[in-house]
Amino acid sequence: MAHLRWWHPIDRFSSVLGPPGISEASRRRPQGREPAVTRPNDHVIVLFGATGDLARRKLLPGLFNLARAGLLPNGYRIVGSAPGRFALTDHAFREHARAAVATFGSADPSGPKWQAFEEALSFGAADPDRPGPLLDAVRSAEEALGGRARKLFHLAVPPPAFPAVITLLGDTGLAQDSNVIIEKPFGVDLESARSLNELIHGVFDESRIFRIDHFLGKESVDNILALRLANSLFEPIWNRDHITHVQIDVPETIGLEGRAQFYEGTGAFRDMIVTHLIQVLGIVAMDPPASLDSHRLRDEKVKVFEALRPIRPDHVVRGQYEGYRQEPGVAPDSQTETFAALRLEVDNWRWAGVPFYLRSGKRLAEHRQTITLGLREPAMSMFGVGPGRHERRTDNRVVIDFADPGWIGVDFLAKEPGPTMNVGRARMEFRYGDSFCSSHGLQGYERLILEAMLGDQSLFTRADGIEHIWAAGAPLLATPPPLQPYAPGSWGPQPAVDRLVAPDHWYLPEEPKEPTPPE
Ligand code: BG6
């Protein structure tokens, strides 16, 4: 395939603005020539689930990364919390954090920046009938900051633990004037999401609730809006008149990674589809908001979720990789799906009749995060294809790869050199990697924790949006199709997964090649 280098930036904004994705303030200041680093006000951050997997892999390393980048408040304290049976001393929690950063962080836990970070860590266990140690730890942290810090609670706990933690925050008065970050999945179905929303609204106002989905913090996902709305090239074709189908494909090569306890009760549909992939769908499918203001942005996204047609069970393929039932912690007769592929429809003027295909699963052939928009054939086809080639005339696509650092490509047909008017496949592409930066300054979680401290809800999900998504999923959850086995390292259960998208086909483009260094 011929490759053209395309869309190189004229100006290296990253050197002017500091790390990309700093805050909504910087997002809303496109003409910004001033350094736009907005630091949040002083904060006590309380991490529930501080000894768990998410805190170890993402949150503690992410918080240290924010500290290194100078993006945590001038005054901050981080209080780890967990039920009493997992209680740690402050010293043990610091060691735990050091090990987490050493294993999963992007910088060594050493030097003055680590020392300052470590000194800000403390631990306070909490059980519903014994919140004392947590209350003491929060009080000391507040005193150390002069008594005027805001509080941010991050609930990095499994979904069944949300109600107990929320109730504790209400009963102890800790919730007052505080913000709360809640992990996905938010509920397990419509009914549980509704009652969770009701319970939380009894303790926190919606304006203080930050339902987190770390895909929404990915720089390349945010860039979808820029692609659509900062250029006049794409938005005019972003509809059913020009697009035949959309694929959102997130295959993963990893398996359970020791998370059987979480995964067994969750499965691919709740872990990935109803959360990350449908949130990405919301951004791809939404109408342009009148501004990037968080209310307008979220209103438009929620309208997409409201327009989702109920998911038909016969439009879904559920798979389980061979060997899953032998994994430690997995039931020998487990019915949990490790793969889900489905066809969704958005019932509105823009997208009527355009299928959205979503696919994600564990232990698949490749690790990718890709959106493909298939474009319609031109009204007339007057060109031939070269001898021995079998290009379909519909090889016209926009491809967005949102794995960090991400790239965007347009596949099109170009004239092959020579005397005949034959066309061959070609690609134009933009790569963050050789344009702005080789990796993004902040990862999804880091960006979102920062936004929550700044009080900006643009990139968080809203109660009504979540309920519309669960409502669309209700028929599937009521009558799930049978599980189909698939071989690890494959693309999921065949032929069902290919039949689902016929006459289209799953499309994962070649990744762009590294540029050849100059001689
Ligand atoms: C998490 C899921 O939310 O996202 C995991 O629980 C999944 O199962 C992960 O592997 C993917 O995220 P990332 O950071 O690789 O894009």
*Report, ordered by the first and then the second residue, all pairs with beta carbons closer than 7 Å, sequence separation of six or more or different chains, a first member in region 50-74 that is assigned to a helix (DSSP H, G or I), and a second member that is within 12 Å of the ligand (Cβ to nearest atom) and of a type in the set (Lys, Arg).*
ASP53/ARG259
*Which of (1) over 24 Å from PHE339 (Cβ atoms); (2) touching a Ser or Thr at 6+ places or on another chain (Cβ under 7 Å) does ILE449 not meet, given it meets every other one?*
(2)
*Residue by residue through region 460-480, note down the ones that are part of a loop (DSSP other than H, G, I, E, B) and touching a Phe, Trp or Tyr at 6+ places or on another chain (Cβ under 9 Å).*
PHE460, PRO480
*asked:* Considering only residues that are within 16 Å of ILE371 (Cα to Cα) and away from the ligand (no atom under 16 Å from the Cβ), which ones fall in region 214-234?
replied: LEU225, ALA226, LEU227, ARG228, PHE234
*Since VAL101 meets every condition but one in (1) β-branched (Val, Ile, Thr); (2) farther than 22 Å from ILE200 by Cα; (3) in a loop (DSSP other than H, G, I, E, B), which condition does it not meet?*
(3)
*Does GLY147 count as within 18 Å of PRO73 (Cβ to Cβ) and exposed (fewer than 14 other Cβ atoms within 10 Å of the Cβ)?*
yes
*Under 8 Å between Cβ atoms, at least 6 apart or on separate chains: pull out the pairs that start in region 423-443 with a residue that is of a type in the set (A, V, I, L, M) and end on any residue that is within 16 Å of the ligand (Cβ to nearest atom) and modelled with pLDDT of 85 or more.*
LEU442/ASN65; LEU442/GLY217; LEU442/GLU219
*asked:* Restricting to region 244-282, and then to whatever is surrounded by fewer than 21 Cβ atoms within 10 Å (Cβ to Cβ) and in a helix (DSSP H, G or I), can you tell me which residue is nearest to the ligand (Cβ to nearest atom)?
replied: PHE262
*Search result, residues across region 127-137 that are touching a strand residue (DSSP E or B) at 6+ places or on another chain (Cβ under 6 Å) and either of a type in the set (Asp, Glu) or in contact (Cβ under 8 Å) with a residue 60 or more places away in the chain (or both)*: LEU134
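For region 183-199, what are the residues that are away from the ligand (no atom under 16 Å from the Cβ) and outside any helix (DSSP H, G or I)?
ASP189
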*Test SER140 against the criterion of being under 30 Å from PHE430 (Cβ atoms), among the hydroxyl-bearing types (Ser, Thr, Tyr) and either within 16 Å of the ligand (Cβ to nearest atom) or surrounded by fewer than 22 Cβ atoms within 10 Å (Cβ to Cβ) (or both), and give yes or no.*
no
*Confirm whether GLY202 is within 16 Å of the ligand (Cβ to nearest atom), in contact with a helix residue (DSSP H, G or I) (Cβ under 9 Å, 6 or more places away or on another chain) and of a type in the set (Gly, Ala, Ser).*
no
*If you scan region 228-271, which residues turn out to be under 19 Å from the mean Cα position of the chain (by Cα), modelled with pLDDT of 95 or more and hydrophobic (A, V, I, L, M, F, W, C)?*
VAL246, ILE248, VAL250, ILE254, ALA268, PHE269
_Take PHE460 and tell me if it is within 15 Å of the ligand (Cβ to nearest atom) and either in contact (Cβ under 8 Å) with a residue 12 or more places away in the chain or within 22 Å of ASP293 (Cα to Cα) (or both)._
yes
*Tally of residues being touching a residue at least 40 places away in the same chain (Cβ under 8 Å), over 22 Å from ARG139 (Cα atoms) and either surrounded by fewer than 16 Cβ atoms within 10 Å (Cβ to Cβ) or aromatic (Phe, Trp, Tyr) (or both) across region 85-98*: 0
*Of the conditions (1) in contact (Cβ under 8 Å) with a residue 60 or more places away in the chain; (2) closer than 26 Å to ARG130 by Cβ; (3) surrounded by fewer than 21 Cβ atoms within 10 Å (Cβ to Cβ), LEU190 fails just one. Which one is it?*
(2)
*Starting from residues that are crowded, with 16+ Cβ neighbours inside 10 Å and among the hydrophobic types (A, V, I, L, M, F, W, C), keep the ones in region 220-243 and report whichever is nearest to ALA290 (Cα to Cα).*
LEU225
_Which numbered condition GLN494 misses (of (1) free of Cβ contacts under 8 Å to residues at least 40 places away in the same chain; (2) polar (S, T, N, Q); (3) part of a strand (DSSP E or B))_ = (3)
*Of the residues in region 309-356, how many are of a type in the set (A, V, I, L, M) and out of contact with any Phe, Trp or Tyr (no Cβ under 9 Å at 6 or more places or on another chain)?*
4
*Name the pairs: first residue in region 215-230 and hydroxyl-bearing (Ser, Thr, Tyr), second residue part of a helix (DSSP H, G or I) and away from the ligand (no atom under 15 Å from the Cβ), Cβ to Cβ under 7 Å, at least 6 apart or on different chains?*
SER220/TYR432
*Scan VAL180, VAL203 and give me the residue that is over 21 Å from the mean Cα position of the chain (by Cα) and either modelled with pLDDT of 95 or more or part of a strand (DSSP E or B) (or both).*
VAL203
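Tell me, which strands (runs of 3 or more DSSP E) lie completely within region 369-427 with 2 or more residues that are within 16 Å of the ligand (Cβ to nearest atom), in contact with a strand residue (DSSP E or B) (Cβ under 8 Å, 6 or more places away or on another chain) and modelled with pLDDT of 90 or more?
370-375, 397-401
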*For PRO288, work out the one condition from (1) in a helix (DSSP H, G or I); (2) away from the ligand (no atom under 16 Å from the Cβ) it doesn't fulfil.*
(1)
*Could you tell me which numbered condition LEU344 fails, if it satisfies all but one of (1) modelled with pLDDT of 95 or more; (2) of a type in the set (A, V, I, L, M, F, W, C); (3) part of a helix (DSSP H, G or I); (4) within 24 Å of LYS362 (Cβ to Cβ)?*
(3)
*Can you work out which of the residues in region 291-317 that are of a type in the set (Gly, Ala, Ser) and farther than 23 Å from ILE243 by Cα is nearest to the ligand (Cβ to nearest atom)?*
SER294
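The values are calculated or read from the model by the stated rules, or taken from the named source; none is laboratory data. Computed from a predicted structure; not experimentally measured. As a convention, Cβ positions derive from the backbone with ideal geometry for all residues, glycine included, and neighbour counts pool all protein chains shown.
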